[in-house]
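Undergrad: Below you'll find the structure I mean.
The values are calculated or read from the model by the stated rules, or taken from the named source; none is laboratory data. Remember, predicted model here, so these are calculated numbers, not experimental data. Cβ coordinates were reconstructed from backbone atoms using ideal geometry, including for glycine residues, and neighbour counts include every protein chain displayed. Only protein heavy atoms, including side chains, enter the accessible area calculation; ligands, DNA and RNA are left aside. Shrake-Rupley method; radii C 1.70, N 1.55, O 1.52, S 1.80 Å.
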Amino acid sequence: SLPTFPLPSLSLSLLSSPAPSLSLLPSPLLSLPLSSIYLLTLPPTLNSQYTAVCNGQRLDWQLRGGQLDCVSSSGTSLSIQVLSEELAYNRQLQQFKMFIVDRPLDPNYKPSGVRGSHYFATKTRRKFEEHVHFLKSFENHREPLRDLDNRVSGFLQHYLIVEQENLLGETASKLGSTTKQAHASFLEANRRDGRLEDRRVHEAVWLSMESYLMEKVHSKVFPALCRVHKRQNDDLVQRSKYLRGTLTPSGVGVSEDYNCPYGQTLLHLNQLESFKSPLEQLYCLQDAMECIQQDAREHFTKTLRHGEPTPLASDDLIALLATILTQSNCVHLFSCLYYMEHFHWPPSDTDRLSYVLVTFHAAMEYIRGPDVTHLLPKNTVLSTGALLSRDRRTENHRERSLSPCPPSPVSSSSLSTLTESTPSLDGARDDKTLLPPSSLSPGRRGHKKPPVKHTELGPFLSLLVESEETISSTSWDPYS
């Protein structure tokens, strides 16, 4: 007999001719007539089209862009959103696919019209307007949101973001603390709302409060991240430019089935920076990953090939994603991934968005790593040791330039140098040219000048030229 409560929105679709074993289905909950609605048979000659039976009527389903569209034999049309897609195997090790959908597949199903906590907990909200609408659906929302707006105003007007890599965490910590306080205040103001008895609604409120906050502070936070990570962003863009024509799916060991254009995937990636909240950017990356299979299937159809592309392993997915990233127009990818990692505080670390972020991080590091160095022009490659020496010299120069008592200008006729040779990190000798103490503190009286050797400007310039030739002749990779 049919259960009196609504079933979970689960559907099974076949990729092979045998059906999944019915013994795997929970018999007390699913009867055979009801199971026939959710067992979608894939005809051998059609792609992305399925058939099912409901009360003796044939249902034809077609998968289009994340939606199942149905037209029954009686002319009833139905459109159901596919929330996610999974592969599974029955006891005979035969593969089938599972769709997680947003409502039952029965065309006769009619919602009660009463939205319980399950609706608010499972509904996906991406846009800023959707989060605001959800928060305003609670009766006592005005005071918590007004308090959050005051905190945002104070942050935008008075908070100073220290634009250093090791201090950006303080900004993330402050905004995370603000989100936590706003979330607690909102729950306290609406503690009598019955929907909050569901823990998942608590998490939905958290995500909406976070998106509400980050949408408003994006104009101050994200530009600061781009300025701090300017070198990493520029290096990634430059390396992607070099790899755009040489890094191909077949070149990284991915199946030839995926050697095709990725129009829809790139469309999502190119829109990444237009989204303001980290959550919305994560959903953009998730859409891009899901479009990889869709683009590959469309390529199969256009080339008159049957079946579907070979399933991708995790390593192959990362390598393939790296080839796609080199073709995108995202110029601040490093800052975007940092923004999503440090300014998004998910209630649970087991959600799919965490997997998406880790996968894109791995693909970015693949582009910046040594595995593709041989595909770059030789004149762009330098050694790591030279990088460390150059960074140390650059840091020393920055410290001298920020010194409260900078050295006074030294003319060519009175240039005095004191050279100290010390071993560098790459094994070579690093010459440090030091100015005499008299030039560092010309106003100090009673200071005895140490004996120094006066040299001409010519040897000093030769020393600079020699140092530049040493840096340019080594094999340092500025993008690794």
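Undergrad: I'd like the accessible area for ASP351: 1.4 Å probe, protein heavy atoms, all chains in place, Å² to the nearest 10.
TA: Rounded to the nearest 10, the figure is 50 Å².
Undergrad: What's the extension gain from GLN293 to SER79 if we count 0.36 nm per residue and subtract their Cα-Cα distance?
TA: Numbers: separation 214, 0.36 × 214 = 77.04 nm, distance 2.14 nm.
In short, 74.9 nm is gained.
Undergrad: Could you pull out every residue, at least 5 positions away or on a different chain, whose amide H is within less than 5 Å of the one on TRP61? Hs are placed 1.01 Å off N in the peptide plane, and Pro or chain starts have none.
TA: The list, which skips near neighbours in sequence, is TYR50, THR51, ALA52.
Undergrad: If I model a spin label at GLU130 and ASP106 as a point 7 Å from the Cα along the Cα→Cβ vector, what separation in nanometres do I get?
TA: 2.8
Undergrad: Output wanted: per-residue J couplings in Hz (rounded whole) for the range 128-141, from phi through Karplus 6.51 cos²θ - 1.76 cosθ + 1.60, θ = phi - 60°, x for Gly and Pro.
TA: So the Karplus estimates, Gly and Pro as x, are 4, 5, 5, 5, 5, 4, 5, 5, 6, 6, 7, 5, 9, 9 Hz.
Undergrad: Also, quick follow-up: Among the listed pairs LYS136/LYS174; LYS123/LYS220; LYS136/LYS180, which are separated by more than 23 Å between their Cα atoms?
TA: In this structure, LYS136/LYS174; LYS123/LYS220 lie more than 23 Å apart at Cα.
Undergrad: Would you mind calculating the gained length between GLN94 and GLU341 on full extension (0.36 nm times residue separation, minus the Cα-Cα distance), in nm to one decimal?
TA: Full-extension gain reported as 85.1 nm.
Undergrad: Still on this structure: Enumerate by residue number the trypsin sites (Lys or Arg not before Pro) in the range 288-341 meeting two conditions: DSSP loop (anything except H, G, I, E, B), and at most 16 other Cβ atoms within 10 Å of the site's Cβ.
TA: Answer in residue order: ARG305.
Undergrad: OK, next. State the extension gain, in nm to one decimal, for the chain segment bounded by SER250 and ASP198, taking 0.36 nm per residue of separation less the distance between their alpha-carbons. Walk me through the numbers before you get to the answer.
TA: On the way: separation 52, 0.36 × 52 = 18.72 nm, distance 4.84 nm.
Gain on extension, SER250 to ASP198, equals 13.9 nm.
Undergrad: Could I have the simple spin-label model distance between LEU160 and ARG191, label points 7 Å from Cα toward Cβ, reported in nm to one decimal?
TA: Placing both labels 7 Å along Cα→Cβ, they lie 4.0 nm apart.
Undergrad: Given the protein chains as shown and a 1.4 Å probe, how many square angstrom of SER173 are accessible, to the nearest 10?
TA: In the full protein context, SER173 sits at about 80 Å².
Undergrad: For a quick protection proxy, order the peptides 202-215, 154-167 by their average other-Cβ count within 10 Å, most packed first.
TA: 202-215, 154-167
Undergrad: Using amide H atoms built 1.01 Å from N in the peptide plane, name the residues 5+ places from GLN67, or on other chains, whose amide H lies under 5 Å from its own.
TA: VAL82
Undergrad: Also: Which order do VAL252, VAL53 take when ranked by solvent-accessible area (1.4 Å probe, heavy atoms of all protein chains), largest first?
TA: So, going from the largest accessible area down, we get VAL53, VAL252.
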